[in-house]
Structure formats: structure tokens, C-alpha cells
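Scroll down for the structure; my scribbles are underneath it.
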Amino acid sequence: MSTDFADAAVPPTFSRGFRRYALSILMLIYVFNFLDRQIVTILAEPIKNDLHLADWQLGLMTGLSFALFYTLLGFPIARLAERGDRPLLISLSVAAWSLATTVCGLTQTFWQLIAARIGVGVGEAGCTPAVTSLIADYTPKEERASAMSMYALGSPIGTLLGLAIGGVVASIWGWRAAFLVVGAPGLVLAVIAYLTLREPRRRLKGMMATQAEASPPFWEAFDEIRRNKTIWRLIGGGATRSFVQFGMGAFMASFLMRNHAGEIAALGAHVGLKGAGVVGPALGLTAGVGGAVGAVLGGRLVDHFARRDVRAYATIPALGMICGMPFLVGAILSPSFVIALLLLMAAGAFSTWWTGPIYGAVQGLFQPRVRATATATMLFTNNLIGLGLGPLAVGLVSDFYSKGLALGPAAGVKWAILTFLLLDVPASLFYLSGARTLRAELIH
């Protein structure tokens, strides 16, 4: 199996039962990671109306304010993950972002909310580099894509819960209450993770010290990453896809509420909820179910086909993006709210194929001593370009279409989303390019 102990005589092993438990806990952590990160998207319209914001300010709030510190802190935290106690690091991160999420519910101004969102980003920076490194140590390489996809399952589930809980709570008690409700449970999860997850480096006497000595300086580790051709092609695909995914995701609820207001109001009248209370659960359920199916399916397809050709780590994610595009375009152009949701579910079953396999491929491209730094490098570009700039770019283009071209807010956000969906084509080409060098550079 994969191990962080290149110099160890006897690598640590874990029972299948423990591996399943640990992966479930790590996936649950990622659920809260995305729940706390993405809940702001369903709250965007209530916040916009309450604080009198423009779409570019919504983009700044949902994206760049979070992503800037999230990406910048990824590297130093990844270095800690390669040298220290990963369960402790993960637990502290969960506690930090959960506390910051609750603070979002106490803010009164736009800039206070921005500051609290920065706090969420600071906390979440410690999650994925440490978790993916830990999963690689827990899991045999022939099961790695499925294991990473199981972890990635937290993204659609967290998005589902964030949209559903956020929409219902905001509809009944207001958007500030929604932040308070979703932030508190993460503090309990942080304690559970610390008490029950195991650090493989503890399994051999003195290995914590040995690993610290073996871990190279940052610039040496980055030079090893820089010389790898495949990772930069995978990073290009991931950053481009993240730009589309986060940009579209930040405004999807706003798009639905603006373009299907009459149908949503009629549905809401039957259940006694306002717009966010209808759109949140509906969008969360469709996108979450589709995304969850796609995440699991993508990992299993790659594990199956990679036994014969490891290029499946890149070609299958590329195929998923291309297959998902027609469904996404159809959802945006559909005149029906219900049909749009069904098309979004179908799109989700294809467009989440990439996450687990791509992160699994990165773990296999490098020695254990630099894996977390390699993951942080990918997260830096994916989140700074995707999460940081995607929502802001869609917001700016939406404002331009809405006001500059006088299309109005409903058509403005619709055509802004359609404009950026075209970027899924170059994203898939990046992955196909990475497949050309993957076989030669994969070492684990």
C-alpha cells in the first residue's frame, strides 16, 4: 500500500474496517467544508436585498474573500501536513472554519461579512492537503481513485445540505440564522476527528522525527513539482473547470429566482416558504444527488479502466465534462423551473467525474514527502482562479449584460453563466493533454 514511510522497514497497515471508518469521517469533514463554504450562495439574494449589494459584491463575498487566504495559507499548512500530526491539523481546521461560519451570522455590514468569510477561508485551508495525504497513506493504490472520490462525495452532499438548510432557515428566520445553524455542528466533528483518526507516522517509533528530517525544504519540493509535466496540465484543467463550477454555482440560485420567479412563487405558496426556501432544497437535492452519483461513478470508472491504462485518470474526467455540457446549457435555456432542475441533476452526474481521479493522480505522481505540497499547488490554482475569480467574473459580466447592455438582471445573469460554460471545452483539452504524459510520470 501507499505509505509516508519511504525509509521504514515495516510500513504501517490498517484494517479494512478502520479504513472505511476513517474515510467516512474524512468525507463528513468535507461535507461540512462545502456546507460552510457554499451556504452563502443560497443566501446571496437575501443578503443582496438586505445590504443593497451589486452582483460584483456578491461575487467578491462568495468567492475572492474566501479564496485569497484559503489559497495563500495552503502552502505553509501543507508543509505542516508533510511533517506533523495530520489528524490534529485537520481537527483544528474544522474548528476554525466552523467558528468563523457562526460569526458570519453575527455581522451587520458587507465588510464585516467579508472579514468573516476570510476567516472561513483561513480555517478551510488546512483541510484538503492534509486529508488527501492521509487517505493516500491509508489506502492501497489500486483503490485510490475510489477513495479520493469517496472523499470528494462531500462536495455535492455539502452543497446539497448547504442549499437546503440555508434556504429553509433563511426563509423562516433570516439569512443570519442560517449561518449560526450550520456552523455549530462542525465543532463537535472536530473533536471526534481528533480522538478517533490515526496518524500513520505514530505507528513506528521515532517516525515523526524521521519524516520531519526527510521532508525537503519548500523550494526543493516545489522544484520537484515544477519539473513534472503532467501536474501542470491537470492543474490547468482543474483551474479552468473550477472557474466554471464556482462561478456558475455562486449565481445558480440567483439565476433560478430571477428567471423562474412566478413558478417558484406558486410552488412556495403551497408549502408556505419564500423563494430561497423553495430554491434551496430543490437545487440542493438535484445538484447534490447528481453530483454524488457522478463523484462515485467517476472514481469507480477510473479504478476499473486504470488497471489496463492509467491514462484513465485524465481521460475519463475529460469525457465527463464534455458529456455534461449539453445538460448545463439546456438547464440555463429551459423555460421551466422543474425541467431546469432535472437537467442540472443530469449534468451533475457527469461534471463531478473529475475531482476524485485528478486528486488521486496527483498523489501518484510524487513521493509521499511532497504530496501535500503538490495538492496545495493544485488547490492554490483551482481555488484562486476558480473560487476566487469565477464568481467575481460572472458577477461583473452579469452586471455588464444587465446594465451595460440593458438586458435586465434576469437575462444578465443567464447569459453570463452561458458565456463561461464554454470554458469546459479547454478544461477537457487540458486533461487530454495530461493523459499523454501521465503514464510515464506516475510512480505510485
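Read-outs throughout are calculated quantities, based only on the coordinates presented, and are distinct from any laboratory measurement. Please read these numbers as outputs of a predicted model, since none were measured by experiment. Cβ placement follows ideal geometry from the backbone for every residue including glycine, while neighbour counts extend to all protein chains displayed.
Sorted by average packing, counted as other Cβ atoms within 10 angstrom per residue and highest first, what order do 32-45, 358-371 take?
Descending packing order for the listed peptides: 32-45, 358-371.
How large is the charge dipole for the chain, taken about the Cα centre, if only the Cβ atoms of Lys, Arg (+1) and Asp, Glu (-1) carry charge, to the nearest 20 debye?
Dipole magnitude for the chain comes out near 680 debye.
Gap in Å between the Cα centre of segment 284-335 and the Cα centre of segment 336-351?
13 Å
What's the ranking of 390-396, 103-109, 181-187, 24-30 by average number of surrounding C-beta atoms within 10 Å, highest first?
Details: 390-396: 26.4, 103-109: 16.1, 181-187: 18.7, 24-30: 20.6.
Packing proxy ranking, top to bottom: 390-396, 24-30, 181-187, 103-109.
Of the peptides 81-88, 291-298, how do they stack up when ordered by the mean number of other Cβ atoms within 10 Å, highest first?
Packing proxy ranking, top to bottom: 291-298, 81-88.
Going by how many other beta carbons lie within 10 Å of each one, how would you line up 303, 50, fewest first?
Ordered by Cβ neighbours within 10 Å, fewest first: 50, 303.
For the chain, take the longest principal axis of its alpha carbons; what is the angle in degrees between that and the long axis of helix 337-351, to the nearest 10 within 0 to 90?
Relative to the chain, helix 337-351 is tipped by roughly 20 degrees.
Starting at the first residue of segment 112-125, write each ³J(HN,Hα) from the Karplus equation 6.51 cos²θ - 1.76 cosθ + 1.60 with θ = phi - 60°, in whole Hz, x for Gly and Pro.
The phi angles translate into 5, 5, 4, 4, 5, 5, 4, x, 4, x, 4, x, 6, 4 Hz.
Using the alpha-carbon atoms, what tilt in degrees (0 to 90, nearest 10) does helix 355-365 show relative to the longest principal axis of the chain?
Computed tilt is about 20 degrees.
Calculate one ³J(HN,Hα) per residue across segment 241-249 by plugging θ = phi - 60° into the Karplus curve 6.51 cos²θ - 1.76 cosθ + 1.60, and present them in order as whole Hz with x for glycine and proline.
Listing the rounded values in order: 5, 5, 4, 5, 4, 6, x, 5, x Hz.
Give the separation of the Cα centroids, segment 405-432 to segment 11-37, in Å.
Centre-to-centre (Cα) distance: 34 Å.
For segment 16-441, with the dipole built from +1 on Lys and Arg beta-carbon atoms and -1 on Asp and Glu ones, taken about the Cα centre, which of 341, 172, 111 lies farthest toward the positive end?
341
Note the listed values [x] 22.2, 67; [y] 30.8, 113; [z] 21.0, 69, then indicate which one is Rg and Dmax of the Cα atoms in Å calculated from this particular structure.
Of the labelled values, this structure produces [z].
Hey, what number do you get for the chain at 222 nm if only DSSP H runs of n ≥ 4 count, each worth -39500 (n - 2.57), divided across all residues, to the nearest 500?
Theoretical 222 nm ellipticity from helices: -25000 deg cm²/dmol.
Using Cα-Cα distances under 8 Å and only pairs 6 or more residues apart, what relative contact order does segment 16-441 have, in percent? Show your work: numbers first, answer last.
Numbers: 841 pairs, mean separation 115.0, N = 426.
Over segment 16-441, the number comes to 27 percent.
Pairs of lysines 8 or more apart, or on different chains, with alpha carbons under 25 Å: count those in the chain, would you?
The result is 7.
Report the one residue of 283, 265, 245 whose Cα lies farthest in the direction of the positive end of the charge dipole of segment 231-332 (charges on C-beta: Lys and Arg +1, Asp and Glu -1; origin at the Cα centre).
Result: 245.
Going by alpha carbons, how many degrees (0 to 90, nearest 10) lie between the helix axis of 275-306 and the longest principal axis of the chain?
30 degrees
Under a plain spin-label model, where a point goes 7 Å from the Cα along Cα-to-Cβ, how far apart in nm are residue 20 and residue 266?
4.7 nm
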